[in-house]
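Single-structure report; data block below.
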Amino acid sequence: MRFLKRIMVVASLSLLAGSAAASPTAPRSGAEYTTLAKPQATDSGKKVEVIEFFGYFCHHCYAIDPALNKWVAAQGDKIAFKRVHVLFDPRMASMQRAYVTLDMMKNAEAVHGKIFEGMHKFKLRLDKPDLMTLFLTKVGIDQKKYLDMYKSFSVQTRMRRNEQLLNAYAIESVPQIVVDGRYVTSPDHLRKSLGGKPGTEELHAATMQVLDALVAKAAKARAGAK
């Protein structure tokens, strides 16, 4: 009986030690984030590149958007941030193309949150090109300029590039955030790492802490490479 109790105590201490080691402020590869076996080239110049892979259809992407926007704003010139709308099946094509179009028009940030709210707060169907166009017109986007860009070769080229990025990073769920072509994190990483059932605010705050650490890690690696 004493031997059994000793085993149980040791096991409990091991679990506590593992839990204590998990920390968003000191993230570990394989827990709070993943290190890519094959790092991808970035085009962000001297800045650390941060890419959010997202989808307008995704409630979790909608939920993390305010926290991520606040985090990006706080980074200033340290990072080059961009979003890539995923395409997991043909039903997502019009939403992906809409985001690419708006991004190339330099209007994406102005209406990004409005699209999320339209779909998730007001339950609007924006997964069809005509419905999205009507909605964007109502929130201030010039319809003719939008449709001209939407049909352009430039948008088609960008969409092919996005498909290459999805394949290169093996993105299978969203949101996923990639730092400098090397490190991938997400609320799911943190949910598993924190254990239990962390609240939404706790989960998002922890994700931003991991991003802080990964940006610092990437910047240090860049400095060392020089």
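The values are calculated or read from the model by the stated rules, or taken from the named source; none is laboratory data. Keep in mind that what you see is a predicted model, and the values were worked out from it rather than measured. Every residue, glycine among them, receives a Cβ derived from its backbone with ideal geometry; neighbour counts consider all protein chains shown. Heavy atoms of the whole protein, side chains included, go into the accessibility calculation; ligands, DNA and RNA do not. Shrake-Rupley method; radii C 1.70, N 1.55, O 1.52, S 1.80 Å.
The residue that is farthest from residue 35 (Cα to Cα), among those in region 176-200 that are part of a helix (DSSP H, G or I) and open to solvent by 20 Å² or more (accessible area, probe 1.4 Å), is 200. You will find that of 203, 214, the residue that is in contact (Cβ under 8 Å) with a residue 40 or more places away in the chain, surrounded by 17 or more Cβ atoms within 10 Å (Cβ to Cβ) and outside any loop (DSSP other than H, G, I, E, B) is 214 and no other.
Every condition in (1) open to solvent by 10 Å² or more (accessible area, probe 1.4 Å); (2) farther than 14 Å from residue 179 by Cα holds for residue 116 except the one numbered (1). For residue 76, the criteria (1) surrounded by fewer than 19 Cβ atoms within 10 Å (Cβ to Cβ); (2) at pLDDT 95 or above hold in every case but one, which is (2).
Is it fair to say residue 64 is surrounded by 13 or more Cβ atoms within 10 Å (Cβ to Cβ), in contact with a strand residue (DSSP E or B) (Cβ under 7 Å, 6 or more places away or on another chain) and touching a residue at least 12 places away in the same chain (Cβ under 8 Å)? Considered against the rule, which asks whether it is surrounded by 13 or more Cβ atoms within 10 Å (Cβ to Cβ), in contact with a strand residue (DSSP E or B) (Cβ under 7 Å, 6 or more places away or on another chain) and touching a residue at least 12 places away in the same chain (Cβ under 8 Å), residue 64 comes out as no. For residue 107, the criteria (1) of a type in the set (S, T, N, Q); (2) in contact with a His (Cβ under 9 Å, 6 or more places away or on another chain); (3) surrounded by 17 or more Cβ atoms within 10 Å (Cβ to Cβ) hold in every case but one, which is (2). Figure legend. Inter-residue proximity from region 160-184: first residues of a type in the set (Lys, Arg), second residues open to solvent by less than 100 Å² (accessible area, probe 1.4 Å), beta-carbon distance below 6 Å, spacing 6+ or different chains. Indicated pairs: 182/36; 182/39. Considering every residue within region 165-173, establish whether at least one is within 16 Å of residue 54 (Cβ to Cβ) and in a helix (DSSP H, G or I). Yes, that holds for at least one residue.
If I ask for residues that are of a type outside the set (D, E, K, R), touching a residue at least 24 places away in the same chain (Cβ under 8 Å) and out of contact with any His (no Cβ under 7 Å at 6 or more places or on another chain), which ones from region 35-55 would you list? Explain how you work it out, then say what you get.
Start the filter on region 35-55 by keeping residues that are of a type outside the set (D, E, K, R), which leaves 35-37, 39-42, 44-45, 48, 50-51, 53-55.
Next cut, touching a residue at least 24 places away in the same chain (Cβ under 8 Å) only: 35-36, 39-42, 44-45, 48, 50-51, 53-55.
Listed by number, the residues that qualify are 35, 36, 39, 40, 41, 42, 44, 45, 48, 50, 51, 53.
Against the list (1) under 14 Å from the mean Cα position of the chain (by Cα); (2) open to solvent by 40 Å² or more (accessible area, probe 1.4 Å); (3) farther than 23 Å from residue 103 by Cα, the condition residue 173 fails is (3).
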